[in-house]
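Colleague: Can you keep this structure in mind? I'll have questions shortly.
Only the coordinates and a few stated rules stand behind these numbers; no lab work does. Since the model is a prediction, treat every value here as computed from it, not as a measurement. For neighbour counting, all protein chains shown are included, and Cβ atoms are generated from backbone atoms with ideal geometry for every residue, glycine included.
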Amino acid sequence: MKKLREMIVLGLNSGTSMDGIDAGVFKLSPALDREPVRPGLPAIDFEILDNCLFQYDGIFRKNLLKLIAGAQVDLRTICLLNASIGDAFADAAQKMVNKARAKGLEIDLIGSHGQTIWHAPDASGFWGTQSRGTLQVGDISVIAQKTGIPTIGDFRTADMALGGQGAPLVSFADEVLFASQSRVGNTFGILNLGGIANITVVVAGHATMAFDTGPANVLIDLAVHKLFGKDYDKNGEIAASGRVDEEQIEKLLAHPYIHVQPPKTTGRELFGEAMAMAIIESCKDAGIEDQDIVATLTAFTARSIAYQYRRFIEPQSPLKTLVLAGGGAQNPVLVDHLRKAWPHPLDIVGHETFGIDPKYKEALLFALLAYTTFHGIPNNVPACTGASRPACLGKLAIACG
């Protein structure tokens, strides 16, 4: 392990919404005035220096979503997609490098998650074998060569090689960011309501559990797009105008994934367009109005999270505080459903309460992962991913000459 030193690190990511590349520049340094987060993980200070969202072209995003939804593609498409995403990430990185240099700053390291196009964490039959894997496109060599900056990426595969789910990676950032808060006696749940919902439980300075609970916004967004021609339900206005259908809720809560014991992770492969269209068709057959479908899916998201809290988390670590992030945190109808479904009173706050802007949290995660891997510090969280041991996540690409 190298001695931690101050570095300026660029984090890059594109999430399940696939709206574009989230980029953040951070100054990361050892926090010498604080105790280690846990053995082997020093406390780390961060300062946000810049952040920006680089949106995908509309046609590009549309085809990317089709691919994730299960469109049949050939090897040429996958090959060129990997190159195209690599170029897009490299262009975004170079723009951030140029902005930093204009301020007299030099970026030392880049952490890039790329774009997940398929995640299969559970073993299944493949050509006479049992196999599991994950694929993030956007080759880091392209980023390193075009910027001249060492780049670390492909973070999930090392954890999966050790039997882990390769996710949720965000549990590492939650440890770093919330460790000092949990030490004052509060047990935190950090809930990200992106396309997929994931929760991390932080107790006594370390993450004890983290898993994907299932859909957050993905089914809601798909239904809103199909039924109302909008990208999302702004402020939950459509859901607020509808009525929750309890019979449909019961059917949705019977989904097998919701009852699987953690560690577990999921994505659009399971909770994607095919499922959304099946739900819409089922609701239409039952005579359910369009706004009621959106209301029902919104309530389902909240209740699926609350159900899994009662079953998997509360018996071990009852939460006093739930810290929200992601687009769903801006949906007051979803948050109200969550509060009502919770089995006990709960303090629900935003990341801003702790001085963290959720807009750059995922970029910060990949900056932190790159920074700690560069220094030889293990940064998966086996208690959360199910890996057999700690590991340094990611691969390094460098530009020589």
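Colleague: At most 15 other Cβ atoms within 10 Å and a DSSP loop assignment: could you name the trypsin sites (Lys or Arg not before Pro) in region 210-315 that fit?
Modeller: Counting only loop positions with at most 15 other Cβ atoms within 10 Å, the trypsin sites (Lys or Arg not before Pro) in region 210-315 are Lys230, Arg243.
Colleague: Taking 32 Å as the cut-off for C-alpha to C-alpha distance, list the pairs among Lys2/Lys361; Lys62/Lys340; Lys230/Lys361; Lys284/Lys320; Lys62/Lys99; Lys234/Lys320 that go past it.
Modeller: Too far apart for the 32 Å limit: Lys62/Lys340; Lys284/Lys320.
Colleague: Of the chymotrypsin sites (Phe, Trp or Tyr not before Pro) in region 307-401, which ones lie in a loop per DSSP and count no more than 11 other C-beta atoms within 10 Å?
Modeller: Here no loop site has a sparse enough neighbourhood.
Colleague: Starting from region 71-152, pick out the trypsin sites (Lys or Arg not before Pro) whose DSSP state is loop and whose Cβ has at most 12 other Cβ atoms within 10 Å.
Modeller: When the trypsin sites (Lys or Arg not before Pro) of region 71-152 are filtered for loop state and at most 12 Cβ neighbours within 10 Å, Lys103 remain.
Colleague: I would also like to ask the following. Whole angstrom only: what separates the Cα centroid of region 136-177 from the Cα centroid of region 44-104?
Modeller: Distance between centres, Cα-based: 15 Å.
Colleague: I want the antiparallel fraction of DSSP beta bridges within region 172-354, as a percent rounded to 5.
Modeller: DSSP beta bridges in region 172-354 are roughly 60 percent antiparallel.
Colleague: Would you report the distance distribution of C-alpha pairs in region 172-354 as whole percents per 5 angstrom bin, up to the bin with the largest distance?
Modeller: All Cα pairs, binned at 5 Å, distribute as 1, 8, 18, 22, 20, 14, 9, 5, 2, 1, 0 percent.
Colleague: Let me ask something additional. If you take mean projected area of the Cα convex hull in nm² from the coordinates, which of [x] 25.3; [y] 20.2; [z] 18.9 do you get?
Modeller: [y]
Colleague: Still on this structure: In debye, nearest 20, what is the charge dipole magnitude of region 172-354 about its Cα centre with +1 on Lys and Arg Cβ and -1 on Asp and Glu Cβ, if you could check?
Modeller: In debye, rounded to 20, region 172-354 gives about 540.
Colleague: Could you pull out the pairs from Lys95/Lys395; Lys27/Lys103; Lys66/Lys226 whose alpha carbons sit more than 20 Å apart here?
Modeller: Cα-Cα > 20 Å for Lys95/Lys395; rest within.
Colleague: Once Lys and Arg get +1 and Asp and Glu get -1 on their Cβ, which of Gly163, Phe54, Ala276 lies farthest toward the positive end of the dipole of the chain?
Modeller: Most positive-ward Cα: Gly163.
Colleague: Pick out, from His206, Ala240, Leu338, the residue whose Cα sits farthest towards the positive end of the charge dipole of region 172-354, with +1 on the Cβ of Lys and Arg and -1 on the Cβ of Asp and Glu.
Modeller: His206
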